[in-house]
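For reference, the structure discussed in these notes is given below.
The values are calculated or read from the model by the stated rules, or taken from the named source; none is laboratory data. Every value quoted in this text rests on a predicted model; they were computed, and no experiment measured them. Reconstructed Cβ throughout: ideal geometry from the backbone, glycine too, with neighbour counts over all protein chains shown. For accessibility, only protein heavy atoms count, side chains too; no ligands or nucleic acids. Shrake-Rupley method; radii C 1.70, N 1.55, O 1.52, S 1.80 Å.
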Amino acid sequence: METFFIVFWIIVLIVIFITIATYAIGGMSAAPWVPLWKKDIRRMMQLANVKPGETLYDLGAGDGRMVLIAAKEFGAQATGFEIATLPYLLAYIKIKLLGLSGQANDGQAKIRYRNFFKQDFSKADVICIFLTPKAMKKLKLKLQKEVKPGARIISYAFHLPGWTETKKDKPNQKTTAIYIYQK
Ligand SMILES: C[S@@+](CC[C@H](N)C(=O)[O-])C[C@H]1O[C@@H](n2cnc3c(N)ncnc32)[C@H](O)[C@@H]1O
C-alpha cells in the first residue's frame, strides 16, 4: 500500500512538473497561454474572410478554441500547434468530444503537439497569430519564405514586423487591434 502511494505521488509530481515546464517553455518560445475571447476569434475569422474548405493554422493554439470556431462556424480545415501540455490536452479532448476531427466533417479541427517554428506553412490559406512582438520578429522571415501567394496572416494585437498590413481593424479605443496581411 505504501509503495502504491509513493508511486502515485511521484507520478503526480512528474505531471505537475511537465505542466509547469512546458508552460514556461511556451512562454519563452513565443508567448504564454493567454486565451482569446471568442468574440475576438470570430472577428478574426470574419476579417480574414475564412471560407469553407480553407486550410487554417493557429500558431500557439492554446486550448483549441480558435481551431474549433474556425472548423465549426466557418467550415475550415483548421490545425493548431501547441507545445504546452495542459492546453494541448484540453484542445485534444474538446476536439474529440465535439467530433470535429473526422474526415466526414465539412469543417475539421486538429491539434498537433508541435513547435510551430518547425512546421512548414506552405499549405496554409490562413495563418492566425497571437504572439509577443519578439516572437513575431523571429517568425517574419519564415513566413516570408513559406507562405504561399494569396494566403492571409491575421495577427491579434501586434503588428508583424517586415510586413505591410492590407488592413488594420480597430473600431474604437477599447477594442484590441487586429492586423491582416496578404502575400
Ligand atoms: C497567447 S496564446 C494563444 C492563444 C490561442 N491562439 C487562443 O486562440 O486562445 C500563445 C500560445 O502559444 C503556445 N506556444 C508558444 N510557443 C510555441 C511554439 N514554439 N510552438 C507551439 N506553441 C507555442 C503557448 O503555449 C500558448 O498556449
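Listed values, structure above:
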{"quantity": "Selection from segment 1-31 of residues that are open to solvent by 60 Å² or more (accessible area, probe 1.4 Å) and either under 28 Å from Val147 (Cα atoms) or not in a helix (DSSP H, G or I) (or both)", "calculated": "Met1, Tyr23, Ile25, Met28"}
{"quantity": "Residue count, segment 98-146 (criterion: open to solvent by less than 70 Å² (accessible area, probe 1.4 Å), among the hydrophobic types (A, V, I, L, M, F, W, C) and either part of a strand (DSSP E or B) or more than 9 Å from the ligand (Cβ to nearest atom) (or both))", "calculated": "12"}
{"quantity": "Residues being aliphatic (A, V, I, L, M) and open to solvent by less than 30 Å² (accessible area, probe 1.4 Å) - total across segment 74-92", "calculated": "4"}
{"quantity": "Residues satisfying the stated conditions in segment 54-73, i.e. near the ligand (Cβ under 9 Å from one of its atoms), open to solvent by 20 Å² or more (accessible area, probe 1.4 Å) and in contact with an Asp or Glu (Cβ under 8 Å, 6 or more places away or on another chain)", "calculated": "Gly60"}
{"quantity": "Selected residue (criterion: farthest from Gly62 (Cα to Cα)) from residues of segment 76-92 that are in a strand (DSSP E or B) and under 11 Å from the mean Cα position of the chain (by Cα)", "calculated": "Ala78"}
{"quantity": "Where Ile95 falls short, out of the listed (1) in contact with a helix residue (DSSP H, G or I) (Cβ under 8 Å, 6 or more places away or on another chain); (2) assigned to a helix (DSSP H, G or I); (3) surrounded by fewer than 17 Cβ atoms within 10 Å (Cβ to Cβ)", "calculated": "(3)"}
